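Novice: Pasting a structure below so you can have a look.
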Amino acid sequence: MNKRTRFSLFNSQSSVLDFAAALALLIGHFLPWAAHAVAPLTRSGHDLSISTNFTPGAGIFLNEWFLLPLWSASVLMALTIRNTLWPQRALGGAFALLIASLGLPAYPHILTAYANPDYRLQFFITLGVFALVAAVLLTGALPKRLRAACSIACALASAVPLIGYFAVKPSIEALYRSPVGLGAGWWLTLAGVVLLFGITGARIFARFTPKRAIGPSE
């Protein structure tokens, strides 16, 4: 197997893993984070992104932080399909933008979000993600260092609410007057973050090993 074939195989496999990481972040965002024995009291990551600021004592961690995995999933989707043919890139780009749009405030708040302090940050960050996704799709090939930096940034951003959940968990338990646990959504988001760090680490390692790993006879 020659060098080009090995790189092609590696890139194909890593793209699949990129997509898997993005999917884990996306699905994890909508699965339960604050698990409770009473189903209506269970909160997903998306629920936390809406209600955290209005939970007594939980204002130390902003609603917007819980949207970071969702926004990261959108950017990762764009990075994954950026080198495909235009029909597939357009379809994948539309899906990435759809994911990002889920970070917009709900109706009717979206109508005045640009001027409302409760929703302004969420609104403008989502618009920024729209612009970033469009830039990635239109740029096509990215320098490897920039690609790695984007992946690391998405992983770090998605890890923020995983830690922040423990900051708001006591306030949720005080409101419910009963304990809440770690739901499947929290664990799936963690899996996506770990996978993302692993993919990026493998890419960085691969940059420095091929020349030594491939002998002259190959």
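The values are calculated or read from the model by the stated rules, or taken from the named source; none is laboratory data. In this text, all values refer to a predicted model and were calculated from it rather than measured experimentally. Neighbour counts are summed over all protein chains in view; Cβ atoms, including those assigned to glycine, are modelled from backbone coordinates with ideal geometry.
Novice: Of everything in the range 36-83, what is buried (at least 19 other Cβ atoms within 10 Å of the Cβ) and either assigned to a loop (DSSP other than H, G, I, E, B) or of a type in the set (Gly, Ala, Ser) (or both)? Give them in sequence order.
Specialist: Once the filter is applied, which keeps residues that are buried (at least 19 other Cβ atoms within 10 Å of the Cβ) and either assigned to a loop (DSSP other than H, G, I, E, B) or of a type in the set (Gly, Ala, Ser) (or both), the range 36-83 yields Ser44, Gly45, Ser49, Ala58, Phe61, Ser72, Ala73, Ser74, Ala78, Arg82.
Novice: So which residues in the range 68-84 are under 8 Å from the mean Cα position of the chain (by Cα) and hydrophobic (A, V, I, L, M, F, W, C), if there are any at all?
Specialist: In the first step, residues of the range 68-84 are kept if they are under 8 Å from the mean Cα position of the chain (by Cα); the result is 68-76.
If the condition is that a residue be under 8 Å from the mean Cα position of the chain (by Cα) and hydrophobic (A, V, I, L, M, F, W, C), then Leu68, Leu70, Trp71, Ala73, Val75, Leu76 are the ones that fit.
Novice: When you scan the range 113-135, do you find a residue that is of a type in the set (A, V, I, L, M), in contact with a Pro (Cβ under 6 Å, 6 or more places away or on another chain) and surrounded by 17 or more Cβ atoms within 10 Å (Cβ to Cβ), even just one? Walk me through how you get there before you give the answer.
Specialist: Of the range 113-135, the ones of a type in the set (A, V, I, L, M) are 113, 115, 121, 125, 127, 129, 131-135.
Remaining after also requiring in contact with a Pro (Cβ under 6 Å, 6 or more places away or on another chain): 113.
Restricting the remaining residues to those that are surrounded by 17 or more Cβ atoms within 10 Å (Cβ to Cβ) gives 113.
Yes: the range 113-135 contains one or more residues that are of a type in the set (A, V, I, L, M), in contact with a Pro (Cβ under 6 Å, 6 or more places away or on another chain) and surrounded by 17 or more Cβ atoms within 10 Å (Cβ to Cβ).
Novice: Being of a type outside the set (Phe, Trp, Tyr), modelled with pLDDT of 95 or more, assigned to a helix (DSSP H, G or I) and within 15 Å of the chain's Cα centre (by Cα) narrows it down to one of Leu162, Leu127, so name that one. Walk me through how you get there before you give the answer.
Specialist: Values: Leu127 fails: within 15 Å of the chain's Cα centre (by Cα).
Step by step, each of Leu162, Leu127 is checked, and only Leu162 is of a type outside the set (Phe, Trp, Tyr), modelled with pLDDT of 95 or more, assigned to a helix (DSSP H, G or I) and within 15 Å of the chain's Cα centre (by Cα).
Novice: Shifting gears a bit: Select from the range 103-117 the residues that are in a loop (DSSP other than H, G, I, E, B) and among the aliphatic types (A, V, I, L, M) and write down the one among them that is nearest to Ala134 (Cα to Cα).
Specialist: It comes out as Leu104.
Novice: A follow-up question, please. One residue is enough: does the range 41-64 have a residue meeting the conditions aromatic (Phe, Trp, Tyr), over 17 Å from Phe130 (Cβ atoms) and at pLDDT 95 or above?
Specialist: Let us first name the residues in the range 41-64 that are aromatic (Phe, Trp, Tyr), namely 54, 61.
Add one more test, that the residue is over 17 Å from Phe130 (Cβ atoms), and what stays is 54, 61.
Retained after the next criterion (residues that are at pLDDT 95 or above): none.
No, the conditions are met nowhere in the range 41-64.
Novice: When you check Gly192 against the structure, is it assigned to a helix (DSSP H, G or I), modelled with pLDDT under 95 and closer than 19 Å to Phe19 by Cβ, yes or no?
Specialist: For Gly192, the condition - assigned to a helix (DSSP H, G or I), modelled with pLDDT under 95 and closer than 19 Å to Phe19 by Cβ - is not met.
Novice: May I ask you to say which residue of Ala100, Ala157, Ala174 is surrounded by fewer than 16 Cβ atoms within 10 Å (Cβ to Cβ) and either in a helix (DSSP H, G or I) or not polar (S, T, N, Q) (or both)?
Specialist: Ala174
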